[in-house]
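The values are calculated or read from the model by the stated rules, or taken from the named source; none is laboratory data. Note that the structure is a prediction, hence the values are computed from the model and not measured. All Cβ positions, even for glycine, are placed from backbone atoms using ideal geometry, and neighbour counts span all protein chains on display. Protein only, heavy atoms only, side chains kept; ligands, DNA and RNA dropped before computing areas. Shrake-Rupley method; radii C 1.70, N 1.55, O 1.52, S 1.80 Å.
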Amino acid sequence: MAAPTVAVVCGSRSDLPALQSCFDQLDALGIAWESSVISAHRQPDVLRSYLAEAEAAGIQVFIGAAGMAAHLPGVMASLTARPVIGIPLDAGSGGTDALLSIAQMPPGVPVATVAIGGARNAAHLAARIMALSDPALAERVARFRADQAERAEVRIDPRSPGS
Ligand code: RP5
């Protein structure tokens with residue numbers, strides 16, 4: 001089995017169900033991933049060591065997901081120079097608290113923030129980043145896009161009865 005290239009970190013076990021579509025999409029795109037629950041607030045030292053180990057093990061893109069005062073993705077971006085994608089989660093207040101916490105990063109410490117609950121797009125964004133240096137993955141991303149376009153297409157022919 002290939003070594004993981006994407007690491008998905010969330011702040012609490014309670015976040016895991018919201019990440020299932022991210023895991024499914026990574027699988028569908030043939031991307032090996034790993035996931036951990038590490039709270040930036042409760043376990044800052046664990047987070048620091050995990051990121052160093054994950055980088056050394058070959059993780060190329062990190063995804064951080066958290067709700068409420070969601071500092072996890074930002075702290076991850078402060079500890080690694082690899083791309084960090086943030087997923088704001090609705091932990092009971094609608095999610096705008098997490099969205100602003102994740103998106104409003106200071107210059108030089110970017111977190112590429114997807115929509116509230118945008119777990120599937122986090123997987124797509126990770127795929128597009130890694131596809132820049134992985135032609136086989138670029139081909140799978142291109143196939144996904146073509147399939148998606150085909151599924152979205154609707155043609156209505158007013159001359160054809162029943163259409
Ligand atoms: C955040 O607080 C977590 O990411 C979670 O979304 C929220 C609630 O955490 P728990 O109280 O369920 O651990 O840090």
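Key figures for this structure:
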{"item": "Residues that are more than 17 Å from the chain's Cα centre (by Cα) and small (Gly, Ala, Ser), drawn from the range 84-114", "result": "Ala91, Gly92, Ser93, Gly94, Gly108"}
{"item": "Residues of the range 54-102 satisfying the condition of being open to solvent by 40 Å² or more (accessible area, probe 1.4 Å), among the hydrophobic types (A, V, I, L, M, F, W, C) and either farther than 20 Å from Ala32 by Cα or within 13 Å of the ligand (Cβ to nearest atom) (or both)", "result": "Met68, Ala69, Val75, Leu79, Ala81, Ala91, Leu99, Leu100"}
{"item": "Ser49 being more than 13 Å from the ligand (Cβ to nearest atom) and either among the hydroxyl-bearing types (Ser, Thr, Tyr) or under 11 Å from Ala7 (Cβ atoms) (or both)", "result": "yes"}
{"item": "Condition check for Val109: open to solvent by 10 Å² or more (accessible area, probe 1.4 Å), within 16 Å of the ligand (Cβ to nearest atom) and either out of contact with any Leu (no Cβ under 7 Å at 6 or more places or on another chain) or modelled with pLDDT of 95 or more (or both)", "result": "no"}
{"item": "Among residues of the range 1-37, those that are over 22 Å from Asn121 (Cβ atoms) and within 13 Å of the ligand (Cβ to nearest atom), counted", "result": "1"}
{"item": "Complete set of residues in the range 129-157 that are assigned to a helix (DSSP H, G or I) and among the basic types (Lys, Arg)", "result": "Arg140, Arg143, Arg145, Arg151"}
{"item": "Unmet criterion (only one of (1) closer than 29 Å to Val141 by Cα; (2) open to solvent by less than 60 Å² (accessible area, probe 1.4 Å); (3) not small (Gly, Ala, Ser)) for Leu47", "result": "(1)"}
{"item": "Where a residue in the range 105-134 is on the phi > 0 side of the Ramachandran plot and its partner, wherever it lies, is of a type in the set (Gly, Ala, Ser), with Cβ under 8 Å and at least six apart", "result": "Gly117/Ala18; Gly117/Gly95"}
{"item": "Hits in the range 115-143 - residues which are open to solvent by 20 Å² or more (accessible area, probe 1.4 Å), under 8 Å from the mean Cα position of the chain (by Cα) and of a type outside the set (D, E, K, R)", "result": "Asn121, His124, Leu125"}
{"item": "Pair list, Cβ < 9 Å and 6+ apart or interchain, from the range 76-94 residues that are among the polar types (S, T, N, Q) to residues that are buried (at least 17 other Cβ atoms within 10 Å of the Cβ) and modelled with pLDDT under 95", "result": "none"}
{"item": "Residue check, Asp15 closer than 18 Å to Ala115 by Cβ, charged (D, E, K, R) and buried (at least 19 other Cβ atoms within 10 Å of the Cβ)", "result": "yes"}
{"item": "Test: residue in the range 136-155 that is within 16 Å of the ligand (Cβ to nearest atom), without any contact (Cβ under 8 Å) to a residue 40 or more places away in the chain and among the β-branched types (Val, Ile, Thr)", "result": "no"}
